[in-house]
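Taking it in order: structure first as structure tokens, then the write-up.
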Amino acid sequence: MRKSCIFLSCAFLLIGCAVHKFQKSEKLSGYVVARFGYVIPEYTSDIDNKAPQNLELAKQRYKRRKDMVEKLYIKMGQVEDYVTRYVTHFPKMMWSIFANTLKMPLHIISEYRYEHNEQYRKRIDELDARTEAKEDARIKQFKDQLYEFIRQDIEKEKPALNASPQ
């Protein structure tokens, strides 16, 4: 009896809120899916970035694409996976507060040097530009993979749409 009460309590707590929610988008003029309130158009959109007007078609696309889209969005850093979101987020936040308190004097010195030393400012700006370019190239690679996946998914969908009577 006790085990079943604990199991039901845990199940009730874990079932909780809906993570993914279908909603009508004015911008994409159709149905899109939001994950924790963050709209991810690739779940339902086509190659031209237009969302379907039909909710059933949006649900079918979502079911087919969900795993791959989430995997690529996690790799891009656009969304967090569930373990990071629910388990490791709080310890990381606490460690960050502690570590940043210790690193604060170094940040203050670096900021002072950036404001008063032209050579240091140029070096930091170049380093930031290289880092940003590298990150943009990495994200573009994942976006290209996502675009190719959506293109292949739409190609598979076309015969099914042509065969179904409307």
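The values are calculated or read from the model by the stated rules, or taken from the named source; none is laboratory data. Computed from a predicted structure; not experimentally measured. Positions of Cβ are backbone-derived with ideal geometry, glycine not excepted, and every protein chain shown enters the neighbour counts.
Mind listing just one residue for me: the one in the range 36-66 that is part of a loop (DSSP other than H, G, I, E, B) and acidic (Asp, Glu) and, of those, nearest to the chain's Cα centre (by Cα)?
46
Between a first residue in the range 105-125 that is of a type in the set (Gly, Ala, Ser) and a second residue that is part of a helix (DSSP H, G or I), which pairs have beta carbons less than 9 Å apart while being 6 or more apart in sequence or on different chains?
The qualifying pairs are 110/120; 110/124.
Checking the conditions here, which among 69, 83, 79 is assigned to a helix (DSSP H, G or I), within 17 Å of residue 149 (Cβ to Cβ) and β-branched (Val, Ile, Thr)? Walk me through how you get there before you give the answer.
Working: 83 fails: within 17 Å of residue 149 (Cβ to Cβ); 79 fails: assigned to a helix (DSSP H, G or I).
The unique qualifying residue is 69.
In this structure, does residue 47 turn out to be under 28 Å from residue 29 (Cβ atoms), aliphatic (A, V, I, L, M) and surrounded by 12 or more Cβ atoms within 10 Å (Cβ to Cβ)?
no
On the given criteria, is residue 126 part of a helix (DSSP H, G or I), surrounded by 10 or more Cβ atoms within 10 Å (Cβ to Cβ), among the acidic types (Asp, Glu) and at pLDDT 95 or above?
Yes; evaluated as a whole, the condition is true for this residue.
Tally up the residues in the range 19-39 that are farther than 18 Å from residue 73 by Cβ and among the small types (Gly, Ala, Ser), please.
Qualifying residue count for the region: 2.
Tally up the residues in the range 33-75 that are hydrophobic (A, V, I, L, M, F, W, C) and within 16 Å of residue 154 (Cβ to Cβ), please.
Adding up the residues that qualify gives 6.
Give 69, 39, 79 a once-over and let me know the one that is closer than 28 Å to residue 136 by Cα, among the β-branched types (Val, Ile, Thr), surrounded by 14 or more Cβ atoms within 10 Å (Cβ to Cβ) and modelled with pLDDT of 90 or more. Before you say what the answer is, go through the steps one by one.
Numbers: 39 fails: modelled with pLDDT of 90 or more; 79 fails: modelled with pLDDT of 90 or more.
69 is the lone residue from the list that is closer than 28 Å to residue 136 by Cα, among the β-branched types (Val, Ile, Thr), surrounded by 14 or more Cβ atoms within 10 Å (Cβ to Cβ) and modelled with pLDDT of 90 or more.
Is at least one residue of the range 144-166 surrounded by 10 or more Cβ atoms within 10 Å (Cβ to Cβ), β-branched (Val, Ile, Thr) and under 21 Å from residue 33 (Cα atoms)?
Yes, there is a match, as at least one residue in the range 144-166 is surrounded by 10 or more Cβ atoms within 10 Å (Cβ to Cβ), β-branched (Val, Ile, Thr) and under 21 Å from residue 33 (Cα atoms).
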